[in-house]
Amino acid sequence: MELFNRELSWLSFNERVLQEAMDERVPLIERIRFLGIYSNNLDEFFRVRVANLRRRVMVDNKPVEGFEGSAKLLLEKIRTVVLKQQKDFEATYQYLFVQLAKENIQFIDETQLNEEQLNQLHVFYNKELKHEIVPIIINPKHPFPRLKDYGVYLAIKMIVPSKKTPNFALIEIPNEYPRFYRLKDDKKEYFILLDDIIRLHLKSIFSIFDCDSIEAYTFKFTRDAELDLDDDLSTSFIDKIEKSVKERKKADPIRFVYDSTMPRTLLNFLIKSLRLKEGMNMIPGGRYHNFKDFISFPDFGRKDLLFPPRPPQIHSDLEHKKSLLQAIVEKDILLHFPYQQFDYVVDTLREAAIDPKVKSIKINVYRLATNSQVMNALMNAISNGKEVTVIMELQARFDETNNVYWSNRLKENGAKVIYGVQNLKVHSKLILIHKAISNSKDEFISYIGTGNFNEKSARIYSDLGLFTSNPIISNEVKKVFKLLENHFEKTDFKHLMVSPFNTRSKLVNLINAEIRNAKKSNNGLIRLKINNLVDVRIIDKLYEASQAGVKIQLIVRGVCCLVAGLPKKSDNIEVISIVDRYLEHARFMIFGNNGNPVYYLTSADWMERNLDKRVEVGCPILDPSLQKELDLVFDYQWKGNFKSRIIDKKQKNDYKKPINSEPFHAQEELYSHYDLTN
């Protein structure tokens, strides 16, 4: 079967992120921040996907799906692609800093400082930074220190007159301070990286060695991020997670990025000390690393170099309502973030916390903001005597520590906290609020979403959330919570798609129905918006649908292993990807159903893990007005040609060409659609 390799498709997605940094239409400072997003993405890719491939090489090294070769050859191909992207990255970074200089924002290093700037940096170093510097002398006779993943280090080479060989040392660049230090005069803004402030003071730091010369070269490395959970039955799940997160910090290095000008003697010493292999996981780079810090690049008060403000809009059915809960009872409400306010979710929980008729609140949580208003609302509910149940997923990658913290706080305040099952992540996004209207009447309000209960990411992630009191939906949401609370006892779902129970079978049935419709009346239609399309069996079913004449339109933000446009196989399938100001994270589906379309939003991508190895929930959209809303969202995004790339068999990320030379910027048009002041 024709497939595009998952890892190479992911690198193609991250290239689309890099394209945003290269795009002249993007404001200058935002372009620099896209460099940070690209770098952060690549770190995670190496920690997860490349780490898995390394394990595979050690186990069997068999051919890899979607790639003509073994896992070892795929690792070499990945390195080739990353090195090419690294060149584009370096060239873009250099170019953008030149453009900044034209805007009177000047990047300088330790060799370009005037006397006033030197004095200012000496004061900053001696009063603050010096106390965070921990130099470590290294040599072959002593054990090499355990270095932090995600840390950025300066490898120091010192030439001492009395010694034939140089002294080596390490300094970790402190993360207690912003990476960028601003210096200002009457005419210009200047900034210098923390790395170079340390370089400026190297002779002071190592004054006892009386060096003839001292040099510093940046490097970083990325560790395997897989959690290894032991099988000790006497250890609680939360203790296993905490232990495994600590062990992750000691895992093997997966990628080593270093200053390409580093002296060979120093590089060889680091390679040997870090137990690296030459070539495979080594990436030569420029003077600076850990560009993920550029996500927080300062704005220097220059609004003209930023995206224009786009505050989230109000929702006419929820704004200025005496009771949000009552508004939801009166009609289903669809929220679209970040175009509309996430505050409505928090405010609904806050209202439920003080409503005398509310008896219980249940929620399942995957990722949270560090200072979570959602969690604060739940603790307020506990204080008001409500029964609060939280299904907390402790295995949300890289958020394990934050989730452990909140689960402990919730338990301390009296919530019932359930951790799910070790090998089955709970990835759905659900809330269930129970109101006792009278002794004989109960009312249930449900929320089913595509994104996390995270106020911070809701400002930059495009997601959908449905509030409903429809008993058809709420009764099945109750069943989901029941199975989560009762060790996954088997249950049936007629309306919801619930992984790992019925999502795959429902999707296959819906696709089969479109195949039958296409064969009978040539009107089969599937419109899908997801983050990743990887599952081989579902892809094969889509190929079958294409061959039957079903028109298939796919908007896939990230990995797409399906190959569109193959003659007599997938020539009825078109795929685009949108990478823009907001991260496209919403997942929803529209099936033509012979002229009577059916609509679902879901937390699940079309990947084996989401369909078979996680708890995911998809919900039908039954209200006709909300169905029209989803049609509009898909129409806008499919019509979009400003930030849409065509995903074909080569995955070259060519931009979708405007029809009649008319650009259509989907995200901007959607914002205008939701702006009720227009």
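Computed quantities for the displayed model
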{"item": "Listing of helices (runs of 4 or more DSSP H) fully contained in the range 573-678 that carry 3 or more residues being in contact (Cβ under 8 Å) with a residue 40 or more places away in the chain and more than 28 Å from N423 (Cα to Cα)", "result": "624-639, 666-674"}
{"item": "Close pairs (8 angstrom Cβ cut-off, 6 or more residues apart or separate chains): touching a residue at least 24 places away in the same chain (Cβ under 8 Å) in the range 505-527, in a helix (DSSP H, G or I) and aromatic (F, W, Y) anywhere", "result": "R527/F634; R527/W638"}
{"item": "Scope the range 593-623; condition within 21 Å of A545 (Cβ to Cβ) and touching a helix residue (DSSP H, G or I) at 6+ places or on another chain (Cβ under 6 Å); matching residues", "result": "N594, Y599, A604, W606, L611"}
{"item": "Search result, residues across the range 146-188 that are under 24 Å from F291 (Cα atoms), without any contact (Cβ under 8 Å) to a residue 40 or more places away in the chain and surrounded by fewer than 16 Cβ atoms within 10 Å (Cβ to Cβ)", "result": "N175, K184"}
{"item": "Qualifying residue in the range 300-310 (condition: in a loop (DSSP other than H, G, I, E, B), under 23 Å from the mean Cα position of the chain (by Cα) and of a type in the set (D, E, K, R))", "result": "yes"}
{"item": "Criterion violated by E110 - all others in (1) assigned to a loop (DSSP other than H, G, I, E, B); (2) acidic (D, E); (3) assigned by TED's automatic domain parsing to the domain that holds V17 satisfied", "result": "(3)"}
{"item": "Scan of the range 264-298 for residues that are loosely packed, with under 14 Cβ neighbours inside 10 Å and assigned to a loop (DSSP other than H, G, I, E, B), ordered by number", "result": "R275, K277, E278, G279"}
{"item": "Test: E574 is modelled with pLDDT of 95 or more, closer than 30 Å to K482 by Cα and either in contact with an Asp or Glu (Cβ under 8 Å, 6 or more places away or on another chain) or outside the structural domain of R6 (by TED's automatic domain parsing) (or both)", "result": "no"}
{"item": "Enumeration of residues in the range 214-245 that are more than 30 Å from the chain's Cα centre (by Cα) and either modelled with pLDDT under 90 or aliphatic (A, V, I, L, M) (or both)", "result": "I214, A216, D232, L233, S234, T235"}
{"item": "Of all residues making up the range 311-342, the number that are of a type outside the set (S, T, N, Q), free of Cβ contacts under 8 Å to residues at least 60 places away in the same chain and either in a loop (DSSP other than H, G, I, E, B) or surrounded by fewer than 16 Cβ atoms within 10 Å (Cβ to Cβ) (or both)", "result": "9"}
{"item": "Top-ranked residue of the range 563-572 - restricted to ones that are farther than 19 Å from N641 by Cβ and in contact (Cβ under 8 Å) with a residue 24 or more places away in the chain, ranked as surrounded by the fewest Cβ atoms within 10 Å (Cβ to Cβ)", "result": "D571"}
{"item": "Output for the range 202-215, where each listed residue is surrounded by fewer than 18 Cβ atoms within 10 Å (Cβ to Cβ) and either of a type in the set (K, R) or part of a loop (DSSP other than H, G, I, E, B) (or both)", "result": "K203, D210, D212"}
{"item": "Filtered residues of the range 53-82 (kept if of a type in the set (D, E) and either within 24 Å of the chain's Cα centre (by Cα) or under 13 Å from S9 (Cα atoms) (or both))", "result": "E65"}
{"item": "L632 buried (at least 17 other Cβ atoms within 10 Å of the Cβ), hydrophobic (A, V, I, L, M, F, W, C) and under 23 Å from Q313 (Cβ atoms)", "result": "no"}
{"item": "Within the range 61-105, tally of residues that are within 28 Å of V534 (Cβ to Cβ) and either assigned to a helix (DSSP H, G or I) or touching a Ser or Thr at 6+ places or on another chain (Cβ under 9 Å) (or both)", "result": "23"}
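The values are calculated or read from the model by the stated rules, or taken from the named source; none is laboratory data. Not measured: the values here are computed from a predicted model. Methodologically, a virtual Cβ is constructed for each residue, glycine included, from the backbone with ideal geometry; neighbour enumeration extends over all protein chains shown.
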